[in-house]
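*Asks:* Quick one: structure below, then a few questions.
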Amino acid sequence: MAVFASSHIYKERLDICRSCEHYEKRVSTCKQCGCFMLFKCKIANLRCPMDKWKEVYATDDYEPKTIEEE
């Protein structure tokens, strides 16, 4: 099984996080789980602690680019 979410899922997750009241924009972290979201959103089998997005299993074999790299 691949580790990384597709680029589309990564972008979708990060957009959800960036619009969330628990997102700390200055350091790109979640105040609920404490994770660095630019990395957490890339990992296919992780989920949001607030259930705003779920784990996925149809994934890419390579690491998606971060939004800043595009």
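The numbers here are math on the coordinates, done by the rules we state, and not lab data. Fair warning: this is a prediction, and the values are worked out from it, not measured in the lab. Virtual Cβ from ideal backbone geometry, glycine too; neighbours counted across all protein chains shown.
*Asks:* Return a single number: how many Lys pairs in the chain, at a sequence separation of 8 or more or on separate chains, have alpha-carbon atoms below 16 angstrom apart.
*Replies:* Counting lysine pairs in the chain gives 15.
*Asks:* For the chain, restrict the atom set to alpha-carbon positions and state the Rg and Dmax in Å.
*Replies:* Looking at the chain, its Cα Rg and Dmax stand at 11.2, 33 Å.
*Asks:* Let me ask something else about it. Helix-only estimate, please: 222 nm mean residue ellipticity of the chain, summing -39500 (n - 2.57) across DSSP H runs of length 4 or more and dividing by its residues, to the nearest 500. Intermediate values should be presented prior to the final figure.
*Replies:* Values: 2 runs with 16 residues, N = 70.
Value at 222 nm, helices only, nearest 500: -6000 deg cm²/dmol.
*Asks:* Around Asn45, which amide H atoms from residues at least 5 apart in sequence, or from another chain, sit under 5 Å from its own amide H, with H modelled in the peptide plane?
*Replies:* Residues meeting the amide H criterion: Val56.
*Asks:* Within 10 Å, at most 15 other Cβ atoms, and a DSSP state outside H, G, I, E, B define an exposed site. Report the longest part of the chain free of exposed trypsin sites (Lys or Arg not before Pro). Could the numbers behind the result be given before it?
*Replies:* Details: sites that count: Lys25, Arg26, Lys31, Arg47, Lys52, Lys54, Lys65.
Between the exposed loop sites, the longest stretch runs 1-24.
*Asks:* Additional query: Along the charge dipole of the chain, which of Ser6, Trp53, Pro64 sits closest to the positive end, that is, farthest toward it, with unit charges on the beta carbon of Lys, Arg, Asp and Glu (+1, +1, -1, -1)?
*Replies:* Among Ser6, Trp53, Pro64, the one farthest towards the positive end of the dipole of the chain is Trp53.
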